[in-house]
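Inspection log for the structure reproduced underneath, given as structure tokens.
The values are calculated or read from the model by the stated rules, or taken from the named source; none is laboratory data. As the structure is a computational prediction, the values presented were derived from the model and not from experiment. A quick note on method: Cβ atoms are made from the backbone with ideal geometry, for glycine too, and the neighbour counts reach across all protein chains shown. SASA here: full protein model, heavy atoms, side chains in, ligands and nucleic acids out. Shrake-Rupley method; radii C 1.70, N 1.55, O 1.52, S 1.80 Å.
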Amino acid sequence: MRFHPAALPARCYRTWRPDARTALKDSADLRLSAYHSVHFIEFGMAAGYHGIRWEWT
């Protein structure tokens, strides 16, 4: 995820949930890079919904 330099989030998180009925959980903090982006990579991930969320304040 890449953000405009004038609109950087306060915090970013990696998220996961095993199915559509389970509540979304933050599984790790993510840091913005010098290029105003965040990403994650993992091998052998559990099945489910993986994503990134952010907060503005």
- Note on the structure: the stretch 4-57 accessible area per residue, 1.4 Å probe, protein heavy atoms, integer Å², reads 78
- Item | Label-point separation, residue 45 to residue 3 (7 Å along Cα→Cβ), nm | 2.0
- Item | Dipole magnitude (debye, nearest 20) for the chain, charges at Cβ of Lys, Arg, Asp, Glu | 60
- So what does the Cα-only Debye profile of the chain read at q = 0.31 Å⁻¹, as log10 I(q)/I(0), no solvent term? -1.29
- Task: Express the carbon and sulfur contribution to the solvent-accessible surface of the chain as a percent, rounded to the nearest whole number, probe 1.4 angstrom.
- Result: 56
